[in-house]
């Protein structure tokens, strides 16, 4: 995978990073500068100052993959070099949302029908065919069913690749230990499995493994959102992956040769 470098007035070549995430990547409950994407950019700038690092943090609290789908054109317009996809906690969470259900139906009509893939036919179809009513989700079901999560995440990976950018999928941000068996988050392990499988089977994609033990002080009182310490820890876990394939060679980042760079990102 290759891309055209973006030259800045400073003479430095830009490296454009887009983050598609939810409240964790948005830094919910903290000043914006404590969100892990902002911390990541600072670490990258310190480590490779020869590049002009640019961040598009398109993360919105409460977002699911269907929500990100309807806004994905905003990412495409920025022509990023790498897109970090950090979604899934709201997808797997037990909840109901008529808005999310409508957006899932919108995705199915646009991307999973033969006519929806043609821009002209899609415009005609939207005028002539009213949306079908999505069946109400069970109160015990995940907000986005796993088949829809798989389909939309695969679509995002393909869209990023079509832009000659590298898709990098983050596993779910870990929850506080008291929530790991909570019924609202019981499906999270299955969604993590989907993320890992997509990243490992896609032709050109990176897996960023962040879902492992964190300090007890990493969470805010709800056990989901991160404190400043938790955000810094997450930023460090993501940063380690920029020193390894496939991210380092894609962005042209020179790092000292080491067998450790090929190891899974569990440090």
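None of the figures in this text is laboratory data; all of them are computed from the coordinates on show. The model shown is predicted, which means the values in this text are computed figures rather than measured ones. All Cβ positions, glycine included, derive from the backbone under ideal geometry; neighbour counts span all protein chains shown.
Using r as the Cβ-Cβ distance of residue 154 and residue 216, and R0 as 30 Å, what FRET efficiency do you calculate, to the nearest 0.05?
Details: r = 36 Å, r/R0 = 1.18.
After rounding to 0.05, the efficiency reads 0.25.
Converting the Cα gyration tensor eigenvalues of region 3-106 into ellipsoid dimensions via √(5λ) gives semi-axes, longest first, of 29, 17, 9 Å. P(r) tail for region 190-258, what percent of Cα pairs lie past 16 Å? Considering region 190-258, 60 percent of its Cα-Cα pairs are separated by more than 16 Å. How many angstrom lie between the C-alpha centres of region 188-208 and region 77-106? If you average the Cα positions of each part, the centres end up 16 Å apart.
At an R0 of 41 angstrom, the distance between the Cβ atoms of residue 179 and residue 54 translates into a FRET efficiency of 0.75. Computed extension length for residue 113-residue 186: 23.1 nm, one decimal, from 0.36 nm per residue of separation with the Cα-Cα distance subtracted.
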